[in-house]
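Participant: Take this structure, written in structure tokens, and hold onto it; I'll ask about it next.
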Amino acid sequence: MQDQTATALVVEYLNRAAAHHGEGHVTRDDVDTAMRLGCGLPQGPLAHLDDLGIDVAIAMLDDAGIRPAAILIRMACDGRLGRRVGRGFYDYDRPDIGQTGAPQDSGPSGAPRPPRRLGVVGSGTMARGIAQVGAVAGLHTTVVARTDERAALARAQIGRSLTAAVSRGRLDEPTRMTAEECLTTSADQAALAGCDVVVEAVAEDADIKRRVFAALAAACPTDTVLATTTSSLSVAACAAAAGRPADVLGLHFFNPAPAMRLVEIAATATTSAQTVATAHALVRRLGKVSVHSADRCGFIVNYLLFGYLNRAITLLERGAVRAEEFDATIRAEFGYPMGPFALLDTIGLDVSLAILRRLHDEFGEPCFAPAPALSALVAAGRLGRKTGTGFLSEIPRTRPRQTAMAGNAVATGGVR
């Protein structure tokens, strides 16, 4: 029974991903890359559907009482049934993608401004992680914090993180020394004047972000790319205070930034092609992978992930599953690094609740209406790993490799 329920939950997630793509919000390659790298999944949802078989997926959705995405119906009618017939979301007679469904990165069409200097506004975990990545990549990186004390503390914390990376064999000593030399910290936003790209990584509060962008407009030249790390707020609304709509976009890193490869780039309707190209060039320089998202709440990963997580909670409420057993089934059957309840506990149940509320406020979709069990646990102070109690009786003490959304939400204490 658990196996069937797990399969139904995963196929429902796959169906939502197909609908997201079919409605034009995200390309095939970007949705698959985002969910593989953002959640550590063994394959993207559209490649998974191809392996499963489009007709098989439709039958499974029908059995579960779920309406198949329109794109799946069209594909079935066209005979595009997936890998076994040689074509589905991917074409399997092409040697470059036929075996793995790997995306081909054609890049943006604009001419980028080669990024040499990176600015980061903020001193929290995400800001420090982005700054560390920039310095390790050899970019002259400036961190601007609210006070001199916070700036000095951020510098010390990044230094400790670099030293720890060397001790773990993730970084060599010459690179650490170069990164230290590339890094500066300040409490004065005038220090950002020479930066090619400035990334805002402050609290997930629209008013705070607008104040930051207003200050950045005064401190930075007109050719500076201004980016926000939000994935839940409107990029256009956050950055409107800068008065430079062509120069702004979303640049959503995943936490921990030094380890996670994915960056979601969200351009607004007024973002210039050169600004987008420069953002992509920066991501490549940092050794990471970028995907495109529309400027909409949740971008790609949060939008797809939290519907799946919330649905798992409703199954638990109905008595259809047991948390520990269900997580084990998801891991065994689908190769996911974590089951939904372990992931919720790792993200933090309070953070998960805030994300779901934001998504529900934005879209009104039933799948985002927070399950009562989640609200009850948060009200009781059972917030997951950080309090030692959550959905699981035994909460993992270490974060499995490549569980992006877990760390991403925890680091910010808000919706990321």
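Participant: Inside the stretch 343-370, can you point out the residues that are in contact with a Pro (Cβ under 9 Å, 6 or more places away or on another chain), open to solvent by 10 Å² or more (accessible area, probe 1.4 Å) and farther than 22 Å from residue 233 by Cβ?
Facilitator: 343
Participant: Might you let me know whether the stretch 247-262 holds any residue that is open to solvent by 10 Å² or more (accessible area, probe 1.4 Å) and closer than 19 Å to residue 192 by Cα?
Facilitator: yes
Participant: Here's something else I'd like to know. Based on this model, can you work out whether residue 193 counts as closer than 14 Å to residue 117 by Cα, aliphatic (A, V, I, L, M) and open to solvent by less than 60 Å² (accessible area, probe 1.4 Å)? Step through it out loud before you land on a result.
Facilitator: Values: closer than 14 Å to residue 117 by Cα: yes; aliphatic (A, V, I, L, M): yes; open to solvent by less than 60 Å² (accessible area, probe 1.4 Å): yes.
Yes: the conditions hold for residue 193.
Participant: Further question: What's the total number of residues in the stretch 252-284 that are of a type in the set (D, E, K, R) and touching a residue at least 40 places away in the same chain (Cβ under 8 Å)? Give the derivation first.
Facilitator: Applying the first criterion (of a type in the set (D, E, K, R)) to the stretch 252-284 yields 261, 264, 284.
Retained after the next criterion (residues that are touching a residue at least 40 places away in the same chain (Cβ under 8 Å)): 261, 264.
Number satisfying all stated conditions: 2.
Participant: Right, another one. Looking at (1) in a loop (DSSP other than H, G, I, E, B); (2) open to solvent by 40 Å² or more (accessible area, probe 1.4 Å), can you tell me which one residue 298 breaks?
Facilitator: (2)
Participant: Here's another thing I want to ask about it. Restricting attention to helices (runs of 4 or more DSSP H) lying wholly within the stretch 1-77, give those where 3 or more residues are under 30 Å from residue 287 (Cα atoms).
Facilitator: Working: elements: 2-22, 28-39, 45-52, 54-63, 70-77.
Fully inside the stretch 1-77 and qualifying: 2-22, 28-39, 45-52.
Participant: I need the full set of residues from the stretch 129-144 which are closer than 16 Å to residue 176 by Cβ and open to solvent by less than 10 Å² (accessible area, probe 1.4 Å), in order please.
Facilitator: 129, 131, 134, 135, 139, 141
Participant: Can you find, within the stretch 222-239, the residue that is modelled with the highest pLDDT among those that are farther than 18 Å from residue 38 by Cβ and part of a loop (DSSP other than H, G, I, E, B)?
Facilitator: This residue is 224.
Participant: All but one of (1) open to solvent by 40 Å² or more (accessible area, probe 1.4 Å); (2) over 24 Å from the mean Cα position of the chain (by Cα) hold for residue 157; which doesn't?
Facilitator: Going through (1) open to solvent by 40 Å² or more (accessible area, probe 1.4 Å); (2) over 24 Å from the mean Cα position of the chain (by Cα) one by one, residue 157 breaks only (2).
Participant: Out of everything in the stretch 401-413 that is open to solvent by 30 Å² or more (accessible area, probe 1.4 Å) and in contact with a helix residue (DSSP H, G or I) (Cβ under 9 Å, 6 or more places away or on another chain), what residue ends up being modelled with the highest pLDDT? Can you show your working first?
Facilitator: Initially, the stretch 401-413 is screened for residues open to solvent by 30 Å² or more (accessible area, probe 1.4 Å), giving 401-402, 410, 412-413.
Next, only the ones that are in contact with a helix residue (DSSP H, G or I) (Cβ under 9 Å, 6 or more places away or on another chain) stay: 402, 410, 412-413.
Values: 402: 43, 410: 37, 412: 40, 413: 35.
Here the answer is 402.
Participant: Continuing with this model, one more query. Please identify the pairs in which a residue from the stretch 202-230 that is free of Cβ contacts under 8 Å to residues at least 24 places away in the same chain has its Cβ atom under 7 Å from the Cβ atom of a residue that is among the hydroxyl-bearing types (Ser, Thr, Tyr) and open to solvent by 10 Å² or more (accessible area, probe 1.4 Å), counting only partners at least 6 apart or on another chain.
Facilitator: Pairs found: none.
Participant: Take residue 283 and tell me if it is open to solvent by 20 Å² or more (accessible area, probe 1.4 Å) and either aliphatic (A, V, I, L, M) or under 23 Å from residue 237 (Cα atoms) (or both). Reasoning before the result, please.
Facilitator: Values: open to solvent by 20 Å² or more (accessible area, probe 1.4 Å): no; either aliphatic (A, V, I, L, M) or under 23 Å from residue 237 (Cα atoms) (or both): yes.
In short, no.
Participant: How about the stretch 23-77: which of its residues are touching an Asp or Glu at 6+ places or on another chain (Cβ under 6 Å) and crowded, with 21+ Cβ neighbours inside 10 Å?
Facilitator: At the first step, the residues of the stretch 23-77 found to be touching an Asp or Glu at 6+ places or on another chain (Cβ under 6 Å) are 44, 46-47, 66, 76.
Matches in the stretch 23-77: 44, 46, 47.
Participant: In addition: Report yes if residue 35 is in contact (Cβ under 8 Å) with a residue 40 or more places away in the chain and closer than 19 Å to residue 332 by Cβ, otherwise no. Before you say what the answer is, go through the steps one by one.
Facilitator: On the way: in contact (Cβ under 8 Å) with a residue 40 or more places away in the chain: yes; closer than 19 Å to residue 332 by Cβ: no.
Taking the combined requirement at face value, the residue does not satisfy it.
Participant: Among the residues of the stretch 1-16, how many are among the small types (Gly, Ala, Ser) and more than 13 Å from residue 57 (Cα to Cα)?
Facilitator: Residues of the stretch 1-16 that are among the small types (Gly, Ala, Ser), as a first pass: 6, 8.
Then drop every residue that is not more than 13 Å from residue 57 (Cα to Cα), which leaves 6.
Of the residues in that region, 1 qualify.
Participant: So which residues in the stretch 196-214 are surrounded by 17 or more Cβ atoms within 10 Å (Cβ to Cβ) and either outside any helix (DSSP H, G or I) or of a type in the set (A, V, I, L, M) (or both)?
Facilitator: 196, 197, 198, 199, 200, 201, 202, 204, 212
Participant: Given (1) surrounded by 24 or more Cβ atoms within 10 Å (Cβ to Cβ); (2) not in a loop (DSSP other than H, G, I, E, B), identify the lone condition not met by residue 176.
Facilitator: Of everything listed in (1) surrounded by 24 or more Cβ atoms within 10 Å (Cβ to Cβ); (2) not in a loop (DSSP other than H, G, I, E, B), residue 176 misses just condition (1).
Participant: Looking at the stretch 183-194, which of the residues that are more than 27 Å from the chain's Cα centre (by Cα) and in a helix (DSSP H, G or I) is farthest from residue 211 (Cα to Cα)?
Facilitator: Of everything passing the filter in the stretch 183-194, 191 is farthest from residue 211 (Cα to Cα).
Participant: Tell me the residue from 83, 16, 67 that is touching a helix residue (DSSP H, G or I) at 6+ places or on another chain (Cβ under 8 Å) and without any contact (Cβ under 8 Å) to a residue 12 or more places away in the chain, please.
Facilitator: Working: 83 fails: without any contact (Cβ under 8 Å) to a residue 12 or more places away in the chain; 16 fails: without any contact (Cβ under 8 Å) to a residue 12 or more places away in the chain.
Result: 67 is the single residue among 83, 16, 67 that is touching a helix residue (DSSP H, G or I) at 6+ places or on another chain (Cβ under 8 Å) and without any contact (Cβ under 8 Å) to a residue 12 or more places away in the chain.
Participant: A further question on this structure: Any idea which of 398, 389 is modelled with pLDDT under 95, among the β-branched types (Val, Ile, Thr), out of contact with any helix residue (DSSP H, G or I) (no Cβ under 9 Å at 6 or more places or on another chain) and open to solvent by 40 Å² or more (accessible area, probe 1.4 Å)? Break it down into steps so the answer makes sense when it comes.
Facilitator: Working: 389 fails: out of contact with any helix residue (DSSP H, G or I) (no Cβ under 9 Å at 6 or more places or on another chain).
Exactly one residue qualifies, and that residue is 398.
The values are calculated or read from the model by the stated rules, or taken from the named source; none is laboratory data. Given the structure is predicted, the values throughout are model-derived calculations rather than measurements. Cβ: placed from backbone, ideal geometry, glycine included. Neighbour counts: every protein chain shown. The protein model used for the area step is the full one, side chains on, heavy atoms only, and it has no ligands, DNA or RNA in it. Shrake-Rupley method; radii C 1.70, N 1.55, O 1.52, S 1.80 Å.
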